[in-house]
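Taking it in order: structure first as structure tokens, then the write-up.
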Amino acid sequence: MMSHHRPLLVALTMLALSGCTAAETPPSAETITAQQPFTLHGSFHYTNGIFLTYYQRHAVALVDLHGLASHNPAWRVPPESLQFGRLEIDREQREATYQIDLPLRPDGESNDLDGDGKGGVKLYTVAYWSDPFHDDDTIHGWPTYITSLQLTSGQGDVVKGGKLVAWAPDASQQIPSDFGGDGLLFTKDDPLQPLPAGYSVIDLSTRPFGISRDTEGLVDLYEGQNQGTQDLSALSYRKAFERLFVEARQRYAFNEVAGKEPDWDALFRSIAPMVIEAQQKKDPALFFAAIRAFANGIPDGHTAVSGGSLEDDLNDKNYGGGYGLAIRETDDGAFVVVYVKEDGPADKAGIKRGATLDRYDAKPVEDRLKTISPPTGPFSTQDALRYDQVRYLLRGPVGATAQLTYTNPDESAAKTTLLTAVDEYSSLSYTSIYRGSDPTAPPVEYWILESGLGYVRVNSNDDDIDLIDELFERALKSFEYNEVPGIVIDMRQNSGGTNLDLAGYLSKESIPLAGLVYFNPITGHFEDGEGDLYIEEVQPSEQQYHFDHIALLVGPACFSACELEAYGFSKLPGAQVVGYGPTAGVEAEVSEGSFKLPDDIYLQIPTGRFVNADGTLFLEGAGVKPTIVVPQNRDTLLSDDDEVLKAAEDALLDASNTTDK
């Protein structure tokens, strides 16, 4: 793949070498002839390979650092200023190497670092870039993921080391020789040193900062601090947990938020003895159980633990048994049997689909539900917790028993039966929020419904983002060509990934989203780190499409980035949001909260929280709420039709008919 793109990369380089724009002063002879870097090369190691999922074309870029030099995270990086280079990735070794040729005179903003008002220095980092062939004018600030700068997370990505590339138009320019007393780069208290004309590689990890003029500059890249997976797997159980606890306690995204912050001291006291016992017994299963209990003590849906076979064994032990039936709760608090497994325990006992479950072990079902702690937690909303408590009410170890009192449909008399759990999972799968999803489907599917409406389903944002974008726009083109009266956008079973601002194709105005804050260890608070909170926005796409009537389908399986995407759609003029209830209400940033523990156990916690301009939480705990709420009653829960889609079609067709009149 890379060899296919290399000729174009070379062509781009040759264009950059061709000279200056008419408005620029030609470079001096000194700039051209002095020894200086003409080529940069280096390597990096990565622990988090998510970029390989999102992107299929990979490169490095020389990226303008004017945003960093001016301390302006909202500054947009001009696409025309980027200079690309070749990147080779070794997926087995999780390493990559690159080479990039420097243009004779780079594009970019000048920075008056010495404050003399005469000229200025152009500053660059080398950074991973996803697609050199896709113009993107929405990149703002400066790169933080894989870059030649070493950054301290949680402080506005403060520079602590690494290397940058500087270009000076003449020998009269100066550049910092060290961090000033405030510990920050590019502030007024920075000591300065002379900077030669042309290119220089500045080493920020030495004191004073080193200036290299080697013709082939070595500039290695770094995975952003904590943005990779923090590997604690070589430590003992106790030390690994203690390190994990310290990180989580300090950096968990919702500290300081009432109802979201755990009692950390109490949580440690409850989990530490379990970890010590696991270490004493050298028992991986006990350690996994302790880590899962720790995760369940952090009340957020982004907190997740996985343990491979350890997890499977624990789930089989505690929840592998079922009674051959599944229930759903109606809006008025009744529990309706929506599934009965043929020849399962419930079927053999005479329980029918449509029956009402009245009592469990001679007590109200509600009383039993309060004792259920689903293994699918933790949760960000009470609705999500309640849903899985209802699902796991009828789960237990194989051989467990439950006395159920029920009333079959068309019968008035309640009956009581004693069931024994058998090894079956079909009843649990039936009420999964992902039931009916196809793991082999492309990330976006679309067609025209029998009603004549366009229907596009975004199955995932955790895929090749160029493919997602291309397929979504292709759907809009198809709907526009066929002059559909309206479109339905289905986000119900999209578990997230990365937000793509797809609503930008349907809006001529920007749509404000939220700002992102992290813990700042200097101040002890969560903050943006660079002055005023930067509010992300869905930017209008150059290519616009218009449909008079739009419906968005939402549900509890729409998580995280899906919710950002759904929120954008929900703000389109006239859009109607349809569902049984809101999206998951799980909104945070997790790239800096991944941990690898002993025995191949992985834990994830959120470390960045999305907030509105007034500091209140954005979407977390609330989600995108429907404007048309489909009732959950006996009829809808037992229907074989897609009741949410039907409601959306009815609403759009009614609106279309009204408009036509």
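The values are calculated or read from the model by the stated rules, or taken from the named source; none is laboratory data. Everything quoted here is computed from the prediction, not taken from an experiment. Every residue, glycine as well, gets a Cβ built from its backbone with ideal geometry; the counts of neighbours run over all protein chains shown.
Can you find a residue in region 591-601 that is part of a loop (DSSP other than H, G, I, E, B), touching a residue at least 24 places away in the same chain (Cβ under 8 Å), surrounded by 24 or more Cβ atoms within 10 Å (Cβ to Cβ) and of a type outside the set (D, E, K, R)?
yes
For region 143-232, give me every one of the strands (runs of 3 or more DSSP E) that falls completely inside it and has 3 or more residues that are crowded, with 22+ Cβ neighbours inside 10 Å.
158-168, 198-203
Tell me yes or no: at least one residue of region 70-92 is among the hydroxyl-bearing types (Ser, Thr, Tyr), touching a residue at least 40 places away in the same chain (Cβ under 8 Å) and more than 23 Å from residue 536 (Cα to Cα). Please lay out each step first, then the result.
Our first condition is that a residue be among the hydroxyl-bearing types (Ser, Thr, Tyr); within region 70-92, this holds for 70, 81.
Okay, now just the ones that are also touching a residue at least 40 places away in the same chain (Cβ under 8 Å), so 70.
Filter once more, keeping what is more than 23 Å from residue 536 (Cα to Cα): none.
The answer is no; no qualifying residue exists.
Counting just the residues of region 541-581 that are in contact with a Leu (Cβ under 8 Å, 6 or more places away or on another chain) and of a type in the set (Ser, Thr, Tyr), which one comes out surrounded by the most Cβ atoms within 10 Å (Cβ to Cβ)?
Of everything passing the filter in region 541-581, 567 is surrounded by the most Cβ atoms within 10 Å (Cβ to Cβ).
Mind listing just one residue for me: the one in region 55-96 that is hydroxyl-bearing (Ser, Thr, Tyr) and farther than 24 Å from residue 217 by Cα and, of those, modelled with the highest pLDDT?
70
State yes or no: is residue 494 farther than 30 Å from residue 398 by Cβ, touching a Cys at 6+ places or on another chain (Cβ under 7 Å) and not assigned by TED's automatic domain parsing to the domain that holds residue 362?
Against the criterion (farther than 30 Å from residue 398 by Cβ, touching a Cys at 6+ places or on another chain (Cβ under 7 Å) and not assigned by TED's automatic domain parsing to the domain that holds residue 362), residue 494 qualifies.
Quick test for you: out of 619, 572, pick the one residue that is within 21 Å of residue 252 (Cα to Cα) and either touching a Lys or Arg at 6+ places or on another chain (Cβ under 6 Å) or not in a strand (DSSP E or B) (or both).
On the way: 572 fails: within 21 Å of residue 252 (Cα to Cα).
Answer to the check: 619.
Pairs under 6 Å by beta carbon, first residue in contact (Cβ under 8 Å) with a residue 60 or more places away in the chain in region 413-437, partner in a strand (DSSP E or B) and surrounded by fewer than 17 Cβ atoms within 10 Å (Cβ to Cβ), six or more apart or different chains?
420/401
Which of the following residues is under 34 Å from the mean Cα position of the chain (by Cα) and surrounded by fewer than 20 Cβ atoms within 10 Å (Cβ to Cβ): 332, 313?
313
Kindly indicate the residue of region 633-654 that is acidic (Asp, Glu) and under 12 Å from residue 576 (Cα atoms) and also farthest from the chain's Cα centre (by Cα) among those meeting that condition.
The residue in question is 650.
Test of understanding: among 432, 412, which residue is assigned to a loop (DSSP other than H, G, I, E, B), at pLDDT below 95 and among the hydroxyl-bearing types (Ser, Thr, Tyr)?
Details: 432 fails: at pLDDT below 95.
After ruling out the rest, the residue left standing is 412.
Could you list, in sequence order, all residues of region 506-524 that are in a strand (DSSP E or B) and of a type in the set (Val, Ile, Thr)? Full working, then the answer.
Filtering region 506-524 for residues in a strand (DSSP E or B) gives 511-512, 515-520.
Residues satisfying the conditions are 511, 517.
Pairs please, first residue from region 32-57 and surrounded by 14 or more Cβ atoms within 10 Å (Cβ to Cβ), second anywhere and at pLDDT below 85, Cβ atoms under 6 Å, 6+ apart in sequence or on different chains.
48/228; 55/130; 57/131
Looking for whichever is assigned to a loop (DSSP other than H, G, I, E, B) and in contact with a Phe, Trp or Tyr (Cβ under 7 Å, 6 or more places away or on another chain) here; the options are 375, 299. Which one fits?
Going through 375, 299 in turn, just one is assigned to a loop (DSSP other than H, G, I, E, B) and in contact with a Phe, Trp or Tyr (Cβ under 7 Å, 6 or more places away or on another chain): 375.
Residues are listed down the side, and each one gets a yes or a no for (1) closer than 20 Å to residue 111 by Cβ; (2) at pLDDT 95 or above:
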| position | (1), (2) |
| --- | --- |
| 190 | yes, yes |
| 200 | yes, yes |
| 203 | yes, yes |
| 206 | no, yes |
| 226 | no, no |
| 232 | no, yes |
| 246 | no, yes |
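Looking at residue 247 and the list (1) surrounded by 14 or more Cβ atoms within 10 Å (Cβ to Cβ); (2) of a type in the set (Asp, Glu); (3) part of a loop (DSSP other than H, G, I, E, B), which single condition is not satisfied?
Going through (1) surrounded by 14 or more Cβ atoms within 10 Å (Cβ to Cβ); (2) of a type in the set (Asp, Glu); (3) part of a loop (DSSP other than H, G, I, E, B) one by one, residue 247 breaks only (3).
Name the residue, out of 442, 521, 485, 512, that is of a type outside the set (Lys, Arg) and more than 28 Å from residue 302 (Cβ to Cβ).
Of 442, 521, 485, 512, the one residue that is of a type outside the set (Lys, Arg) and more than 28 Å from residue 302 (Cβ to Cβ) is 485.
Return yes when residue 300 is of a type in the set (D, E, K, R), farther than 23 Å from residue 559 by Cβ and either out of contact with any His (no Cβ under 7 Å at 6 or more places or on another chain) or at pLDDT 95 or above (or both) and no when it is not.
Against the criterion (of a type in the set (D, E, K, R), farther than 23 Å from residue 559 by Cβ and either out of contact with any His (no Cβ under 7 Å at 6 or more places or on another chain) or at pLDDT 95 or above (or both)), residue 300 does not qualify.
Just a yes or no: is a residue in region 250-268 at pLDDT below 95, out of contact with any helix residue (DSSP H, G or I) (no Cβ under 8 Å at 6 or more places or on another chain) and not in a loop (DSSP other than H, G, I, E, B)?
yes
So, of the residues in region 607-661 that are among the polar types (S, T, N, Q) and touching a residue at least 60 places away in the same chain (Cβ under 8 Å), which turns out to be surrounded by the most Cβ atoms within 10 Å (Cβ to Cβ)?
Taking the candidates together, the pick is 607.
Farther than 28 Å from residue 632 by Cβ and under 26 Å from the mean Cα position of the chain (by Cα): which single residue out of 442, 397, 485 fits that description? Can you show your working first?
Numbers: 397 fails: under 26 Å from the mean Cα position of the chain (by Cα); 485 fails: under 26 Å from the mean Cα position of the chain (by Cα).
Just one listed residue meets the conditions, 442.
Enumerate the pairs (first residue in region 497-508 and assigned by TED's automatic domain parsing to the domain that holds residue 589; second residue anywhere and among the acidic types (Asp, Glu) and buried (at least 22 other Cβ atoms within 10 Å of the Cβ)) with beta-carbon separation below 7 Å, excluding pairs fewer than 6 apart on the same chain, so at least 6 apart or on different chains.
So the pair list comes out as 499/565; 500/565; 502/565.
Scan region 261-276 residue by residue and report those that are crowded, with 16+ Cβ neighbours inside 10 Å and of a type in the set (A, V, I, L, M, F, W, C).
264, 267, 268, 271, 272, 274, 275
If you take the residues in region 191-238 that are under 36 Å from the mean Cα position of the chain (by Cα) and among the charged types (D, E, K, R), which one is nearest to residue 593 (Cα to Cα)?
231
Here is a yes/no grid of residues against (1) on the phi < 0 side of the Ramachandran plot; (2) modelled with pLDDT of 95 or more:
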{"residue": "490", "(1), (2)": "yes, yes"}
{"residue": "496", "(1), (2)": "no, no"}
{"residue": "503", "(1), (2)": "yes, yes"}
{"residue": "513", "(1), (2)": "yes, yes"}
{"residue": "517", "(1), (2)": "yes, no"}
{"residue": "522", "(1), (2)": "yes, no"}
{"residue": "536", "(1), (2)": "yes, no"}
{"residue": "542", "(1), (2)": "yes, no"}
